[in-house]
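So the structure is just underneath, and the comments pick up after that.
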Amino acid sequence: MAVQKEQPGMAGGRVGSESRKLLLVDDEVALRKNLVRAFEREGFEVATAGSLKEAYDVAADFCPDYAVLDLNLQDGYGMELIGTLQELRPGVRIVILTGYDSIASSLVALKAGAAGYLAKPVQAEQVVATLLGQADDGLEPLVRPMSADRVRWEHIQRVFEQCNRNVSETARRLNMHRRTLQRILSKRAPRP
């Protein structure tokens, strides 16, 4: 079990009495290492976990003020941690990272209490800005509408979330074979 607890760095970070304990949960080791370095430069004390089970253990001991959670972990979904983190520390700011971006799952994350939802690949500065509530809301509107493939993907993701990520129930509601749905869910989202 590779739990990493680091002391906050002085360079670029705020120093003071404000607690900046951050829990980073991601099963990609390289991404985790890069984000840890960036967070430490910003003055965060970082604890990491590579699985959902490990994250529950670390969160109970560490009691973070901030959390960055990967949506899809090998042993579950990062959003499962949101409720536990909120019980441990009311007001915890949580950002969900995902390699499979969809409007449906972003809405579920935000309704559950996440402060942000970002698609990978992501810049560490963007994650920090979202954690601290400094994210740029001046996004340019879409110039062209979503492709038909993307609209279909979004619809499937929305129904999947409504069915509490139950593949069999989602396939039944979409009048689709279960294996076909599993193939669609295993692929990345089509370009908009």
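The values are calculated or read from the model by the stated rules, or taken from the named source; none is laboratory data. Quantities reported herein were computed from a predicted structural model and do not represent experimental measurements. Ideal geometry is used to build each Cβ from the backbone, glycine not excepted, and the neighbour counts take in all protein chains shown. Note: accessible area is taken over every heavy atom of the protein model, side chains too, but ligands, DNA and RNA are not part of it. Shrake-Rupley method; radii C 1.70, N 1.55, O 1.52, S 1.80 Å.
Listed values, structure above:
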| item | result |
| --- | --- |
| Protection-proxy order for peptides 67-76, 171-180, each taking the mean of Cβ atoms within 10 Å per residue, highest first | 67-76, 171-180 |
| Under-5 Å amide H pairs with Glu45, H placed in peptide plane, nonlocal only | Arg20, Lys21, Leu22 |
| Per-residue SASA entry for Glu169, accessible area with 1.4 Å probe, Å² rounded to 10 | 50 |
| Alpha-carbon centroid distance for the pair segment 22-55 / segment 77-98, whole angstrom | 14 |
| Under 16 Å from Lys120, Cα to Cα: lysines that are on another chain or at least 8 residues apart | Lys33, Lys187 |
| Packing-based order for 181-187, 53-59, 18-24, using average beta carbon neighbours within 10 Å, highest first | 18-24, 53-59, 181-187 |
| Compactness of segment 25-123 as Cα Rg over 2.2 N^0.38 Å, two decimals | 0.98 |
